[in-house]
Amino acid sequence: MSENTITFEIDGVEVQGIAGQTIMAAADAVGIYIPRLCAFEGLPPFGSCRICTVKVNGRFQSACTQPIAEGIMVENDTEELLELRRNLVDMLFVEGNHFCMFCEKSGNCELQALAYRFGIAAPKYPYMFPADRNVDATHKDIFIDHNRCVLCARCIRASHDLDGKNVFQFVGRGPQKRIAVNSTAKLVGTDIDVTDQAVAVCPVGAILKKRVGYTIPVGQRKYDHEPIGSDIEANKQ
Amino acid sequence: MQDTNDLKRIVIEPVTRVEGHGKVTILLDEQNRVKQARLHIVEFRGFERFIQGRPYWEAPVLVQRLCGICPVSHHLAAAKAMDLIVGVDKLTPTAEKIRRLMHYGQMFQSHSLHFFHLASPDLLFGFDAPVAIRNVIGVAAKHPDLAVQGVMMRKYGQEIIKATAGKKIHGTGAIPGGVNKNLSIAERDMFLKDIDQMTEWSRGALKIAKDYTIENLEAVAPFGSFDSNHLSLVRDDGAMDLYHGNLRAIDAQGNKIFDQVDYQNYLEYITEEVRDWSYMKFPFIKSLGPENGWYRVGPLARVNACDFIDTPEAEAARKEFMAVTDGKPNNLTMAYHWARMIETLHSIEKIRELLEDPDLQGSDLVLKGDRRPEGIGLLEAPRGTLFHHYKVNEDDQVVMANLIVSTTSNNEPMNRAVSKVAMDHISGKAEITEGLLNHIEVAIRAYDPCLSCATHALGKMPLVVRLVDHEGNEVAKKST
């Protein structure tokens, strides 16, 4: 055991991680799934969606940003946290216009997959049905459907950190906060390319490659058979 | 126009054992004579508007949400239109045959559902039978074998849809230019295992419908019947083809009004009229005008319009059917049931033909071509000819959609049937019983209407809310 090894507990089970790891990264490494939405492997921690909220020594923390420390007691798979995460996903569903029944991301969508994992059959909050969300289809290979954006900022970070561009940015504050493109001429005026990571990382059906649609049959989509997080849990030690 | 305020009003709401919601109003004078009878479709749908702005490849999946009974028809009609949008005039053999299999599976399950679950209580127990037994539960109690057949036949068709579209309801199998999966050997063998049984049950159902019509011909012949034009797609050689063909319209005597019309030109031949008392439009043949140009679609129209059926047992059944009217078109409303069961047998024959075709296991699924701005897709849905017409802008967004749904074409015929039955069976009766009112529903049911699909006259008819006090005076009126 190296001096960098840190020992702590998740849900009463002793686990070990490496100094400097976040709780999420350490949990992933030992096959414990902590649900998440804005976190994405290869992108720096962001901590905005709060789906990965855990309790550390009794206090709420986001697992994607909080580093591990010797002896901490982490709560993850508890009814209290499940309820909190369920409420967050519920709110994301009602805040936008998420119509899974015809969305081409259905079956590959992380928001939908979280809802299934959490046992959400229908949101408990009233739908807001926002009427101000538009579709930007001006780019020849990519389209953005703002109805389905959950403001996770993956596209902003991927464009900047991975693609070396700066295509997306947040505008507005509070309920008016939106993703905007760095162009007055919509997506067509940006330097985004269909092969950019910014397109690939969208967890929902907001940024999509055109003309892909429903090419993957039902039954062969990412979450058709195994719930989200199964790939991490498969590594359980 | 006669003032209808003084007339007695009978309302049948909802009309039962049909898909969707509708109501019938019958206006009677003091001697209970029928002055007016109408079928109103009270649902309101707006799919032609919802789809605007959406990417074109979404249309086959989005628009099928019109309906939970025959979504496959909308899925495939939209996909056929999108094939043209992506510049594909002819699919690969595998794609075409997978879609046909999906479509015949759909036809088989929808017709079985209608015959066994919705219509058979009237035919087995009589139109006047007590309402407590005149339903599918009554059928299950008195004829358990038939009830089981109905369930199992529907299941068989639904499983075919699942195998080809991915889901039993609202699948994604047809994509612009082709399909997203083929049929595995295991799936094929699963369907072949039961096909003899399905064929046998289809023969039995056909016999019930045929015997009922012939044995009760005297009563059935005038029941809600009238001469009409008939419209359907037919193949190049005049054969019945439920998935693809050209438009043919015939009159009540069988004379062709037009024939082998490329449906890309349908607007030159068919147009629609909006009336202020229904959300459903009234299509008619342009050259004949709204008074005479209305037509029937669906099983009766298809069996009447085609020259032959290209599967042996269904063709033999068609000949028997046509012999009743000496080879002329059959204009009996109740003959829809018989025609529907001929198509059920035809569908299972086609399913067998397709399952034995190795093209279904092919891997060449999708083609691409040069993008076009407009696409029109037609097919014969269980309830009749289905029109999907789209325009798409340069950004791949749908900017116009026009749907003429089968039941919409049967709007005028159903209203005629309702009027005829009301005149023949209700007018002047001292007491109007539930059984008598069921006669009206029996006539509507023969058309197997899908009322939810059929209503989309968006922007043409405002919603009106009237607030009326206890004395019948209008206190307030609000319209959209």
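Summed over the stretch B:426-447, residues that are in a helix (DSSP H, G or I) and under 26 Å from the mean Cα position of the chain (by Cα) total 12.
Checked against (1) more than 14 Å from the chain's Cα centre (by Cα); (2) modelled with pLDDT under 95, A:Ser48 passes all but a single condition, namely (1). Look at (1) surrounded by 15 or more Cβ atoms within 10 Å (Cβ to Cβ); (2) within 14 Å of chain B (Cβ to nearest Cβ); (3) not in a helix (DSSP H, G or I) and you find that A:Val204 fails only one, number (2). Tell me whether the stretch A:79-101 contains one or more residues that are touching a residue at least 24 places away in the same chain (Cβ under 8 Å), farther than 30 Å from B:Pro60 by Cα and among the small types (Gly, Ala, Ser). Checked the stretch A:79-101: no residue is touching a residue at least 24 places away in the same chain (Cβ under 8 Å), farther than 30 Å from B:Pro60 by Cα and among the small types (Gly, Ala, Ser). Residue-level check: of (1) within 14 Å of chain B (Cβ to nearest Cβ); (2) within 22 Å of the chain's Cα centre (by Cα); (3) aliphatic (A, V, I, L, M), A:Val181 misses just (1). The residues in the stretch B:292-309 that are surrounded by fewer than 24 Cβ atoms within 10 Å (Cβ to Cβ) and within 14 Å of B:Pro413 (Cβ to Cβ) can be counted, and the count is 3. Of the residues making up the stretch B:48-58, those that are within 11 Å of chain A (Cβ to nearest Cβ) and on the phi < 0 side of the Ramachandran plot are B:Phe50, B:Ile51, B:Gln52, B:Arg54, B:Pro55, B:Tyr56, B:Trp57, B:Glu58.
In the stretch B:387-408, the qualifying residues are those that are without any contact (Cβ under 8 Å) to a residue 40 or more places away in the chain and assigned to a loop (DSSP other than H, G, I, E, B), and the one that is nearest to the other protein chains (Cβ to nearest Cβ) is B:Asp395. Might you let me know whether the stretch B:183-191 holds any residue that is within 13 Å of another protein chain (Cβ to nearest Cβ), buried (at least 21 other Cβ atoms within 10 Å of the Cβ), within 24 Å of B:Lys80 (Cα to Cα) and not acidic (Asp, Glu)? Looking through the stretch B:183-191, at least one residue is within 13 Å of another protein chain (Cβ to nearest Cβ), buried (at least 21 other Cβ atoms within 10 Å of the Cβ), within 24 Å of B:Lys80 (Cα to Cα) and not acidic (Asp, Glu). Taking residues in the stretch A:118-133 that are exposed (fewer than 10 other Cβ atoms within 10 Å of the Cβ), and partners anywhere that are among the charged types (D, E, K, R), the pairs with Cβ atoms closer than 8 Å and at least 6 places apart or on different chains are A:Gly119/A:Arg86.
Residues that are β-branched (Val, Ile, Thr) and buried (at least 24 other Cβ atoms within 10 Å of the Cβ) within the stretch B:58-100 comprise B:Val61, B:Val63, B:Val72, B:Ile85, B:Ile98, listed in sequence order. Residues of the stretch A:224-237 being surrounded by 13 or more Cβ atoms within 10 Å (Cβ to Cβ) and either touching a Lys or Arg at 6+ places or on another chain (Cβ under 8 Å) or within 14 Å of another protein chain (Cβ to nearest Cβ) (or both), which ones? Those that are surrounded by 13 or more Cβ atoms within 10 Å (Cβ to Cβ) and either touching a Lys or Arg at 6+ places or on another chain (Cβ under 8 Å) or within 14 Å of another protein chain (Cβ to nearest Cβ) (or both): A:Asp224, A:Pro227, A:Ile228, A:Gly229.
Within the stretch B:59-115, if we keep just the residues that are at pLDDT 95 or above and outside any helix (DSSP H, G or I), the residue that is nearest to the other protein chains (Cβ to nearest Cβ) turns out to be B:Val86.
Checked against (1) assigned to a loop (DSSP other than H, G, I, E, B); (2) modelled with pLDDT of 95 or more, B:Tyr279 meets all criteria but (2). Scanning the stretch B:156-186 for residues that are in contact with a Ser or Thr (Cβ under 9 Å, 6 or more places away or on another chain) and assigned to a helix (DSSP H, G or I) yields B:Tyr156, B:Gly157, B:Ala163, B:Ala165.
Note on the stretch B:143-175: residues that are of a type outside the set (S, T, N, Q), in contact with a Phe, Trp or Tyr (Cβ under 7 Å, 6 or more places away or on another chain) and within 14 Å of chain A (Cβ to nearest Cβ) total 1.
The condition of being farther than 14 Å from B:Thr199 by Cα, surrounded by fewer than 24 Cβ atoms within 10 Å (Cβ to Cβ), of a type outside the set (D, E, K, R) and in the same structural domain as B:Asn229 (by TED's automatic domain parsing) holds for B:Pro373. Residues of the stretch A:23-32 that are part of a loop (DSSP other than H, G, I, E, B) and crowded, with 22+ Cβ neighbours inside 10 Å: A:Ile32 alone. Within this structure, A:Gly164 fails the test of being within 14 Å of chain B (Cβ to nearest Cβ) and either closer than 20 Å to A:Glu41 by Cβ or in a loop (DSSP other than H, G, I, E, B) (or both).
The values are calculated or read from the model by the stated rules, or taken from the named source; none is laboratory data. Owing to the predicted nature of the structure, the values given are computational and were not obtained by experimental measurement. Cβ: placed from backbone, ideal geometry, glycine included. Neighbour counts: every protein chain shown.
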